[in-house]
There are 2 protein chains.
Amino acid sequence: MTPFLRLISVIEAVNLINRISPPIGTEYVPLTEAYGRVLADDIRADIDIPGFDRSIKDGFAVNSADTLRASESAPVPLTRVGRITMGRNGNCIAIKPGECAYIPTGGVLPKGADAVVMLEYCQDLGETVLAGRQVSPGENIIRADEDYTRGEGVLTAGERLNVRDIGVLAAVGASRIAVRKRPVIGIVPTGVELVPPDKVPEAGDVRDVNSYLCGAFVQERGGVPRYYEIVRDDPADLEAVLTSALDECDAILITGGSSKDDRDITAGVIGSLGEVLAHGIALAPGKPTIIGKIGHAPVIGIPGHPASTMVVLAVLAAPLLQSLSGCVSRREAKQKAVLTRNVPSERGREEYVRVKLIGDEAVPLFGKSGLLNTLVESDGLVRVLQGCEGIEAASEVDVTLW
Amino acid sequence: MTPFLRLISVIEAVNLINRISPPIGTEYVPLTEAYGRVLADDIRADIDIPGFDRSIKDGFAVNSADTLRASESAPVPLTRVGRITMGRNGNCIAIKPGECAYIPTGGVLPKGADAVVMLEYCQDLGETVLAGRQVSPGENIIRADEDYTRGEGVLTAGERLNVRDIGVLAAVGASRIAVRKRPVIGIVPTGVELVPPDKVPEAGDVRDVNSYLCGAFVQERGGVPRYYEIVRDDPADLEAVLTSALDECDAILITGGSSKDDRDITAGVIGSLGEVLAHGIALAPGKPTIIGKIGHAPVIGIPGHPASTMVVLAVLAAPLLQSLSGCVSRREAKQKAVLTRNVPSERGREEYVRVKLIGDEAVPLFGKSGLLNTLVESDGLVRVLQGCEGIEAASEVDVTLW
């Protein structure tokens with residue numbers, strides 16, 4: 001048995017988790033599977049982009065000097081010398097002063113041209129085109145290296161690849177991408193009262209909810225959950241399950257039990273196989289959380305109620321997954337809202353209150369912490385800092401969305 | 001060739017897409033694979049939850065009437081008659097008036113008890129326990145059906161299952177879940193100038209970016225992208241690819257080309273195989289978008305620039321995927337911000353301006369629409385409604401996050 005260590009602050013707990021959770025390995029995936037993955041290397045442009053002076057309008061490629069003082073009422077006549085078409089065989093002719101060439105959006109600007117007059121400002125008379133608008137050098141074109149210059153940094157290691165990033169990777173020729181492996185997170189449910197969801201519980205039993213909360217959370221944050229069988233109250237069983245999970249997982253979440261006895265068993269087993277680094281966090285709900293390490297694997301012991309499980313996942317498992325996957329960029333979804341009621345809190349602990357958003361208002365849900373229905377109804381959490389005695393109604397708060 | 005139809009409004013376009021995109025089929029997945037999927041059936045509680053009167057604290061189960069006027073200075077002595085343990089074999093004794101029993105968090109309330117006095121308010125003298133706090137009936141317990149009553153609706157068809165939903169499904173015994181099939185979305189790139197990302201483009205060529213933007217967007221919104229080879233400027237080729245895509249996909253996105261000629265080819269082929277329902281939307285960027293239907297499959301022809309591709313995805317492909325997957329619940333990520341500069345717009349079209357968020361400020365990015373770098377830098381879109389001539393600097397705006 002390990003002693004109950006001093007309560008550590010949430011920030012200490014997060015720092016501890018980051019310290020024991022170094023990024024795991026790298027693998028290569030095709031571009032079509034890179035969405036949502038965490039970039040392992042910096043990405044640079046392999047070429048200038050777009051790579052040629054490119055029209056961004058349908059119109060006529062011109063020498064801008066020829067359009068000086070051109071206007072709708074006094075258009076400038078230009079001699080049409082050809083028609084650019086799309087692609088590498090786009091008939092890349094040259095124009096001389098006084099000449100112009102039709103160019104589609106995306107076409108290669110011909111030599112001698114430095115701008116494009118949009119189609120709607122031109123009158124096409126066949127061999128002659130009347131340009132009815134003055135253009136500046138560079139107008140309606142993108143320069144060969146205007147988007148990215150060859151060798152320029154485009155994306156940075158640690159970014160979680162979003163939709164736009166995938167587009168940029170295509171543009172710079174990154175068809176196979178070095179990404180962080182998805183962390184495999186073992187989920188070990190403990191509690192003599194637990195039965196799997198497909199069993200009908202007898203009085204005193206409860207279905208295992210927390211394993212599935214943890215598993216879905218791990219999926220949401222880019223990890224791979226690995227589910228283990230329910231461990232009842234036998235420390236030897238827990239030891240056996242943890243030992244096999246160590247071979248298969250990058251980190252382990254132990255869920256439950258709801259009683260102090262169960263948690264003491266968990267802390268004891270973590271201590272005997274490895275090290276308990278924290279037992280008790282100044283966090284509500286979630287105070288009896290355990291942080292430890294067994295071999296290479298960080299381990300979090302999460303207390304039993306689903307509501308505290310969700311808070312511990314949001315506050316501590318999120319940085320665990322982020323750190324293991326070497327991710328530096330996750331932006332939390334937040335929303336400002338006005339609190340409809342006072343939220344009391346105790347000094348000396350960081351408190352997370354579930355709220356429901358109704359328009360711009362955040363309604364605190366003070367249901368008993370064992371209830372799922374208030375958890376499902378809630379949209380996110382309002383944090384009351386450790387030094388604070390609560391937040392008054394009508395205050396503006398940041399709601400961290402689930 | 002189909003004629004250029006009248007410009008339709010964005011809301012008409014969305015309604016049209018919803019009309020031609022009925023929900024696709026249902027499949028069953030285990031609970032561990034249900035996260036992020038769309039529920040196909042309503043879910044009801046199969047049992048009362050928690051199913052028994054359950055303590056939510058470690059403490060002593062009592063008859064609340066016995067604690068009347070109990071206080072720290074005048075505790076009430078109660079005779080300890082046993083110890084509840086966790087689970088179905090939890091020694092479900094009964095207590096009589098004047099008696100109490102130790103109960104852990106999650107334990108079954110013994111017969112005769114109607115409340116729990118928390119451990120910290122009790123003094124344990126062995127056979128006698130001094131209860132130092134008055135409790136009301138029901139205090140520190142959850143009633144057998146307080147969370148959910150058997151038969152009660154728990155989740156509704158059409159919800160996209162989030163982490164908390166997965167927990168509730170476990171609680172109500174839903175170990176296999178009826179979910180909507182993931183819509184398979186064909187992605188057909190067109191444009192004689194396109195080369196795949198793994199090729200180095202020659203002058204005039206560009207790498208195909210839009211296919212990968214579309215594919216990642218489809219993944220983000222719960223669909224399965226199916227990529228087709230680049231179709232150059234031959235209508236017969238496009239016809240062949242679309243015909244085979246029809247067999248394999250629930251809907252088709254045709255990307256590019258950036259020039260009007262390409263779009264006319266696309267519209268022509270959609271018209272010859274099926275029907276063009278809209279060609280031109282009062283949307284900027286994205287005006288030349290085509291909406292059509294071939295056989296069962298809705299088809300969106302998306303114009304060429306990556307920036308307009310992203311807007312058309314956000315505005316039109318999002319409802320396409322939502323409608324095909326029968327999803328009613330998607331909440332868009334939005335953030336209020338203060339605009340740092342005037343955003344001009346033309347009346348008569350709904351305009352989407354890319355913005356970068358810096359703290360509470362939204363900085364419009366007015367870069368040329370062909371550039372990827374401003375797209376990557378942006379955090380989301382500000383919408384300027386069709387009847388509006390722009391939004392002034394310092395206005396509060398809703399930013400729809402990418």
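Here are some notes:
- Of all the listed residues (B:Y148, B:Y121), the sole one being of a type in the set (S, T, Y) and more than 14 Å from every other protein chain (Cβ to nearest Cβ) is B:Y121.
- Cβ pairs under 9 Å, 6+ apart, first in segment B:128-139 and more than 13 Å from B:G59 (Cβ to Cβ) and not assigned by TED's automatic domain parsing to the domain that holds B:L109, second at pLDDT below 95 and aliphatic (A, V, I, L, M): none
- For A:K287, the stated conditions hold: it is among the basic types (K, R), within 14 Å of chain B (Cβ to nearest Cβ) and touching a residue at least 40 places away in the same chain (Cβ under 8 Å).
- Neighbours by Cβ (under 7 Å, 6+ apart or cross-chain): first from segment B:77-106, within 12 Å of chain A (Cβ to nearest Cβ) and farther than 19 Å from B:T128 by Cα; second surrounded by fewer than 22 Cβ atoms within 10 Å (Cβ to Cβ) and of a type in the set (A, V, I, L, M): B:R88/A:A203; B:T105/B:I56
- Being in contact (Cβ under 8 Å) with a residue 60 or more places away in the chain and not hydrophobic (A, V, I, L, M, F, W, C) holds for only one residue in A:G301, A:G326, and it is A:G326.
- Comparison of B:K356, B:K368, B:K336 shows that the only residue that is over 27 Å from the mean Cα position of the chain (by Cα), more than 22 Å from B:I24 (Cα to Cα) and of a type in the set (D, E, K, R) is B:K368.
- Residues that are part of a loop (DSSP other than H, G, I, E, B) and within 30 Å of B:A245 (Cα to Cα), drawn from segment B:147-192: B:A157, B:G158, B:E159, B:L161, B:K181, B:R182, B:P183, B:G191, B:V192
- A:V355 crowded, with 24+ Cβ neighbours inside 10 Å, in contact with a strand residue (DSSP E or B) (Cβ under 7 Å, 6 or more places away or on another chain) and under 16 Å from A:A393 (Cα atoms): yes
- For segment B:192-209, the candidate set comprises residues that are more than 7 Å from chain A (Cβ to nearest Cβ) and out of contact with any Pro (no Cβ under 6 Å at 6 or more places or on another chain); within that set, the residue that is modelled with the lowest pLDDT is B:L194.
- Filter pass, A:K260 being more than 34 Å from the chain's Cα centre (by Cα) and more than 21 Å from A:A297 (Cβ to Cβ): yes
- Residues of segment B:205-228 satisfying the condition of being outside any helix (DSSP H, G or I) and either closer than 16 Å to B:P306 by Cβ or free of Cβ contacts under 8 Å to residues at least 60 places away in the same chain (or both): B:D205, B:V206, B:R207, B:D208, B:V209, B:V224, B:P225, B:R226, B:Y227, B:Y228
- Here is the figure for segment A:84-134: residues that are surrounded by fewer than 22 Cβ atoms within 10 Å (Cβ to Cβ), out of contact with any Gly (no Cβ under 9 Å at 6 or more places or on another chain) and not polar (S, T, N, Q) total 10.
- Residue match in segment B:351-362 (condition: under 30 Å from B:R180 (Cα atoms) and outside any helix (DSSP H, G or I)): no
- Given (1) within 11 Å of another protein chain (Cβ to nearest Cβ); (2) among the small types (G, A, S); (3) out of contact with any Ser or Thr (no Cβ under 9 Å at 6 or more places or on another chain), number of the condition B:G167 does not satisfy: (3)
- Only one of the listed residues (A:G204, A:G186) is of a type outside the set (A, V, I, L, M, F, W, C) and closer than 30 Å to A:L39 by Cβ. That residue is A:G186.
- Any hit, segment B:379-390, residues being among the aliphatic types (A, V, I, L, M), surrounded by fewer than 19 Cβ atoms within 10 Å (Cβ to Cβ) and within 14 Å of chain A (Cβ to nearest Cβ): no
- Qualifying residue in segment A:45-65 (condition: free of Cβ contacts under 8 Å to residues at least 60 places away in the same chain and farther than 30 Å from A:C122 by Cα): no
- Breaking point among (1) without any contact (Cβ under 8 Å) to a residue 60 or more places away in the chain; (2) in contact with an Asp or Glu (Cβ under 9 Å, 6 or more places away or on another chain); (3) not in a helix (DSSP H, G or I), for B:E202: (2)
- Positions within segment A:7-19 being in a helix (DSSP H, G or I) and over 16 Å from A:V328 (Cα atoms), in sequence order: A:V10, A:I11, A:E12, A:A13, A:L16
The values are calculated or read from the model by the stated rules, or taken from the named source; none is laboratory data. Since this is a predicted model, take the numbers as computed values, not measurements. Cβ atoms come from the backbone with ideal geometry, glycine included; neighbour counts cover every protein chain shown.
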